[in-house]
Amino acid sequence: MSTNVILVCLLVGTVNYLFRYLPLRMGARQKPGPKSGPLSRVLDSIGIASICALLVVSSTPEIMRDQQKLLPSLAGFVLLALIFWRTKSIIIATLTGALAYGLVFKVMLMAAG
């Protein structure tokens, strides 16, 4: 098995674990309410963890073939995380991240050609 495959698997596993663990850790200071238990926070974080894991796994082979796709992928991922953190909407975050990827990639193509 290639070292790159092992590194990608470790990276995806670590990020996926952190997306499940950090809401439990950071959510401990919230006021108690009907939707503030540990199970609720874990279930709320599954959507974003799945999207980020899929993003990393699907974009890594493309980035390894074409280094020019690193910046658009990074922009999409960062915007995805920030929008989700602010809105808690996986739909808005995913669409915004995809739009950011497309726009950055298009701007890079226009600047290069």
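Label-point separation (nm) for Thr3 and Leu99, each offset 7 Å from Cα along Cα-to-Cβ? Distance between the two pseudo-spin positions: 4.1 nm.
Ordered from highest to lowest accessible area with the whole protein assembly present and a 1.4 Å probe, Cys52, Cys9 read as Cys9, Cys52. Tyr21 exposes around 80 Å² of accessible area when a 1.4 Å probe is run over every protein chain in place. On full extension, the segment bounded by Gln67 and Ser50 gains 3.7 nm, given 0.36 nm per residue less the C-alpha separation.
Across Met110, Met64, the residue with the most accessible area heads the list, and the full order at a 1.4 Å probe is Met110, Met64. Once R0 is set to 22 Å, what does the formula 1/(1 + (r/R0)^6) return for the Cβ-Cβ distance between Ile91 and Leu18, expressed as a FRET efficiency to the nearest 0.05? Given R0 = 22 Å and the Cβ-Cβ separation, E is 0.50.
The values are calculated or read from the model by the stated rules, or taken from the named source; none is laboratory data. Small disclaimer: the values here were computed from a predicted structure and weren't measured. Neighbour counts are summed over all protein chains in view; Cβ atoms, including those assigned to glycine, are modelled from backbone coordinates with ideal geometry. Ligands, DNA and RNA are excluded from the accessible area calculation, which covers all protein heavy atoms including side chains. Shrake-Rupley method; radii C 1.70, N 1.55, O 1.52, S 1.80 Å.
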